[in-house]
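The values are calculated or read from the model by the stated rules, or taken from the named source; none is laboratory data. Keep in mind that this is a model prediction, so the values were computed, not measured. A quick note on method: Cβ atoms are made from the backbone with ideal geometry, for glycine too, and the neighbour counts reach across all protein chains shown. Heavy atoms of the whole protein, side chains included, go into the accessibility calculation; ligands, DNA and RNA do not. Shrake-Rupley method; radii C 1.70, N 1.55, O 1.52, S 1.80 Å.
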Amino acid sequence: MSATMPPELRLTHLQQLESEAIGIMREVVAQCERPVMLYSIGKDSSVLLHLARKAFFPGPIPFPLLHVDTTWKFREMISFRNRMATEIGFELIVHTNADGVAQGINPFDHGSKNYTDIMKTQALRQALDAGRFDAAFGGARRDEEKSRSKERVFSFRDAHHRWDPKNQRPELWNLYNGRVNQGESIRVFPMSNWTELDVWQYIHLEEIPIVPLYFAAQRPVVERDGVLIMVDDNRFVFDEGEVPQLRTVRFRTLGCYPLSGAIESTATTLPEIIGEMLVATRSEREGRVIDFDQSGSMEQKKREGYF
Amino acid sequence: MPDQPGLVHSALEASGVDAYVESHQRKDLLRFLTCGSVDDGKSTLIGRLLHDSQLIYEDVLASLEADSATQGSAGSHVDLALLMDGLRAEREQGITIDVAYRYFSTERRTFIIADTPGHPQYTRNMATGASTCDLAIILIDARHGVLPQTKRHSYIASLLGIRQVVVAVNKMDLVRWSRERFGEICEDYRSFAKALDFGEPYFLPMSALLGDNVVNESDNLDWFDGPPLLEYLETVDIGSGVDLEHFRMPVQLVSRPDADFRGYAGTVTSGLIRPGEEIVALPSGLSSTVERIVTFDGELDAADPGRAVTLTLTDEIDISRGDLFVTPGGEPQRAHELDAMVVWMTEAEMEPGSTYLLQTTNAVSNCTVRSLRYRVDVDTGMHEQALGLGLNDIGRCVIGSDRELAFDPYSSSRATGSFVLVDRLSNATVAAGMIIGAASVWDHAPDAALVRQRSEISDAERAIRFGQQPCTILLTGLTAAGKSTLATALERELFDRGKVSIRLDGENVRMGISRDLGFSAHERSENLRRVSEVARLVNGQGLIAIAALVAPDGEVRQRARDLVGADRYVEVFVDTPIDVCRERDPHGLYAMADSGEIPRFPGVSAPYDRPADADLRVDTSAQGVDECVAAIVRVLTERGFLRGPSTP
């Protein structure tokens, strides 16, 4: 019954990952009533958006995209987001935790832990509850961080959006159980098996638009504890004696500008980024300030409902 | 060799990033899992693979060194296991409680590693990890050798369809790199793994802690010639085993963005399809022709295994999610009742009669567990009777679905041969299933509306009339072993003694009530079932049944025994050496089996399970017919079948 697959027919590694992700997205749409895609505007979200267009072609993307706006995103991210929504034509929901804004919660005065909890985790929960979404796509990958390496593709959340790592549903083959009761939901990670290199290669090969912040340019930054933070607007709170300097930098991950570390780089094209990536010796999430708050902090955040 | 930063850098300078990207994305993908007992060093091994491949980022290594000081158990060494044990609970307890996936690539291949738990209670997670893997690394601690856990993990890997195995005998440093110890363990492993459906394992001595034979060869193991682990993983043959002949595409979604377009979205699981080719939708059986293969990147000339596509057809036929597209010829099986191996994954016990949702690749139906045929003792491979299945139990069940399922045996297709069971209230996934085939008629319960018509004649009256107690004698053995000859001689002997018997010869039966049957294992099983049913009827009338069939499958013979009733069943193993059978071979069947003209011929190209517990063994090459018949009569006499009712 079996035959050896001729090499010309064998899907490449990236084609296999693409097919797997498309299959997962279609499965969610088939099984769930109200899916939504978390759109963080980062490169992984850009790939996820591209995969969604492929999955449902020639039809439109059959679910809205949700952006949790902390109000502290890079300005270039917001303009990119708006441009994509117009060009591609998806339904965009933008949610901000109004209570947090009213209380003036910001990453400078309240510490990254509290700030992230209120403006990201709480905000996300509010938005998911408001939309009564039973499934939410995210672009997370298992290679990003230790606790993610054990998360399912269909990751079950209880009615309080909590993840219980000791009680995950067995997930075998490509059989995904998306069934939930009222109030419960699943987070779905179609790119679970991608690596950072895969993402960059795919962006390159598929010519996927990404926020220009990923490319090196002269930007005003200050250096704090060895991390380069960009001064993106006049809300930046300087420590005593701090003066922004123009350095040629780019970002490997994007989030809230005061919490996103830049790296010094001269890579202005995708091949240059991939070239730098291949010789990189530091992992991607290192630029994220929030992961270093406490030991096991990502797992803790996920238990509480962070994506 | 791994993508060491230095090497990559020079490759980049020489050929440019585009060329590198091109070559990298053309690499093969190998998915493998690591399993073994607690403390065999699974996590350490993977940490070592990544570390020696220089794939651990500097900052990760730095935090690892810090963690090793407080939580590590590797003494003065960096505890590489901490890299893999991602969840806080495991880092604190020092155990791996869930499947962790890791990704790395070398110049030759891309790898996905599933690191799976060692504790017995996490068997379900190991099954999860194994379900998507092509190869298993089974770790054995050289000091402890083959343990029950080793057997358990090997069995599960085999059950989940893994055929390629590396047996990594780890911690060789702690047995002074002993070649003898390594040899002993290999022998132990071989002897129990014979029963498993593996290819020839690759036995590899190593020390993951010290790095011997992981990425680099070992000076301490200079008596060992084989490649180290990484080199083996880079070169082992994969990619065979993809079925290009039997087209299968489960329909995931019907795409109807507007009135002009109607397409069927899904991923091809096997075979190829091209525009213009005929396609059949199961279970309806409606057929049409593929018009276009639509993708975001343009229309395709062919859709091949693994590709996610959308098909349009030339006819508007009624197709929905849950249907399976196939091409005519070599179609999958269809049935409501499945015979399947099941891994139980939840605390709540499964008992026959329990109902669940049955989820296949693209469809969900209601199902009932009809019966539990046996539970497997995974430490010994033995089958045992059980009333139900608990967490981490594995058993063989008959499951009835309320809709007809189209499927392939799991051994030919994981995608169309697997399912999970889901609890209807909690929605938890409670079991994983691997389909063996359609449950045979053996398992069908008769229609509940039927009423058995009783006779007015009692068994005692019959026993007085015939001077005998009814029984069924099954003569089993290879073709040309002498079964039919013995059956006719036995019939004559019983007749002459005034007994009443009916002879059911396999060949005669095939001319009549089994005229519709061929010689596949399934059809041989059905033939024996019909003979057994007739024998049961005949026994019910007080007569003796003499059945002569090859009956090669021990499990099927057990079913015959159960059907007739063990107290009335007499199994005679006609154990004539195969060379003698070949010499006799009146119809030249062995020659046809040798040339492949007759496929699946027991003793030649299909197994004949030698009966282990036959009531009698005879050998017609060493014993004459009369001698054999006398021996059978002796057994019948001893068991009291050849006399009337015992007087009080």
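Can you give the extra length, in nm with one decimal, that the chain gains between B:E187 and B:N366 once fully stretched, where that is 0.36 nm per residue apart less the Cα-Cα distance?
Extra length available between B:E187 and B:N366 comes to 59.8 nm.
For region B:232-313, with equal point scatterers placed on the C-alpha atoms only and solvent neglected, what are the log10 I(q)/I(0) values from the Debye formula at q = 0.19, 0.20, 0.24 1/Å, to two decimals?
Results for region B:232-313 at q = 0.19, 0.20, 0.24 Å⁻¹ read -0.83, -0.90, -1.23.
In nm, to one decimal, how far is the modelled label at B:R465 from the one at B:M511, with both set 7 Å along Cα→Cβ?
According to this spin-label approximation, the distance is 2.8 nm.
Given R₀ = 22 Å, FRET efficiency for A:N114-A:E184 by Cβ-Cβ distance, to 0.05?
0.20
Per Stokes-Einstein, at 37 °C and 0.692 mPa s, what whole-number D in µm² s⁻¹ belongs to region B:191-260, with the Kirkwood radius over Cα pairs as the hydrodynamic radius?
Translational diffusion coefficient: 195 µm²/s.
Considering region A:170-217, what Rg and Dmax in Å follow from its alpha-carbon atoms?
Rg and Dmax of region A:170-217, Cα atoms, are 16.5, 49 Å.
Using DSSP to define loop residues, name the GluC sites (Glu not before Pro) in region A:62-143 whose beta-carbon has at most 16 other beta-carbon atoms within 10 Å.
Answer in residue order: A:E91.
Among A:E207, B:E493, what's the order by accessible area (1.4 angstrom probe), most exposed first?
So the residues, ranked largest to smallest area, are A:E207, B:E493.
Could you give the dipole magnitude of region B:474-516 about its Cα centre, charging the beta-carbon of Lys and Arg +1 and that of Asp and Glu -1, in debye to the nearest 20?
Around 60 debye, computed over region B:474-516.
List the GluC sites (Glu not before Pro) in region B:568-648 that DSSP assigns to loop (not H, G, I, E or B) and whose Cβ has at most 15 other Cβ atoms within 10 Å. Which are they?
Listed in order of number, the matching sites are B:E597.
Once the Cβ-Cβ distance between B:T380 and B:F495 is put in as r, and R0 is 45 Å, what FRET efficiency do you end up with, to the nearest 0.05?
Result of the calculation: an efficiency of 0.45.
Under the definition of Cα pairs under 8 Å and six or more residues apart, what whole-number percent is the relative contact order of region A:191-270?
It comes to 33 percent, rounded to a whole number.
For region B:338-479, what's the relative contact order in percent, using C-alpha pairs closer than 8 Å and at least 6 residues apart?
Normalised by residue count, the contact order of region B:338-479 is 27 percent.
Using the charge dipole of region B:157-266 (Lys, Arg: +1 at Cβ; Asp, Glu: -1 at Cβ; taken about the Cα centre), state which of B:G161, B:S255, B:L229 has its Cα farthest towards the positive end.
B:S255
Can you tell me what the convex hull of the Cα atoms of the protein assembly as shown projects to on average, as an area in nm²?
Projected area, direction-averaged: 46.3 nm².
Please list the non-local residues whose amide H lies under 5 Å from the amide H of B:I598, H modeled 1.01 Å from N, same-chain partners needing a gap of 5 or more.
Placed amide hydrogens put B:A593 under 5 Å from B:I598.
When the dipole is taken about the Cα centre of region B:345-458, and only Lys, Arg (+1) and Asp, Glu (-1) are charged at their Cβ, what size is it in debye, to the nearest 20?
In total the dipole reaches around 280 debye.
Quote the charge dipole size of chain A about the Cα centre in Debye, to the nearest 20; the model charges only the Cβ of Lys and Arg (+1) and of Asp and Glu (-1).
In debye, rounded to 20, chain A gives about 660.
How much net charge surrounds A:R224 when only other residues with a Cβ under 9 Å from its Cβ are counted (Lys, Arg +1; Asp, Glu -1)?
Cβ neighbours under 9 Å give a net charge of -4.
What ³J(HN,Hα) values, in whole Hz, does the Karplus curve 6.51 cos²θ - 1.76 cosθ + 1.60 give for region B:574-591 when θ = phi - 60°, with x put for Gly and Pro?
8, 9, 8, x, 4, 4, 5, 4, 4, 5, 5, 4, x, 9, x, 5, 5, 4
With an 8 Å Cα cut-off and a minimum separation of 6 or more residues, compute the relative contact order for chain B in percent.
8
Test of understanding: what is the full-extension gain from B:R643 to B:E533, defined as 0.36 nm times their sequence separation minus their Cα-Cα distance?
37.2 nm
Please compute the length gained on full extension between B:S178 and B:E523, using 0.36 nm multiplied by the number of residues separating them and subtracting their Cα-Cα distance.
Here the segment from B:S178 to B:E523 would lengthen by 119.0 nm.
Bin width 10 Å, alpha-carbon pairs only: give the P(r) of region A:1-138 as whole percents, running from 0 to the bin holding the largest distance.
10, 35, 30, 16, 6, 3, 1
Using a Gaussian network model on chain A with a 10 Å cutoff between Cα atoms, which of A:S260, A:S79, A:S185 fluctuates the most?
A:S79
Please report, for the Cα atoms of chain B, the Rg to one decimal and the Dmax as a whole number; what are they, in angstrom?
In Å, with Rg to one decimal and Dmax whole: 29.9, 101.
How many Å² of accessible surface get buried when B and A come together, counting both sides, probe radius 1.4 Å, rounded to the nearest 100?
7500
At a Förster radius of 41 Å, what calculated FRET efficiency corresponds to the Cβ-Cβ distance of B:D222 and A:T269, to the nearest 0.05?
Computed FRET efficiency for B:D222 and A:T269: 0.25.
At 20 °C and a viscosity of 1.002 mPa s, what translational diffusion coefficient does Stokes-Einstein give for region B:299-412, taking Rh as the Kirkwood radius over Cα pairs? Give it in µm²/s as a whole number.
D = 128 µm²/s.
Hey, rough spin-label estimate for B:R334 and B:E456, points 7 angstrom out along Cα→Cβ, what's it come to in nanometres?
Calculated label separation equals 4.7 nm.
How would B:F466, B:F407 rank on accessible area, largest to smallest, probe 1.4 Å?
B:F466, B:F407
Whole Å is fine, so just give me how far the alpha carbon centre of region B:379-414 lies from that of region B:212-269.
25
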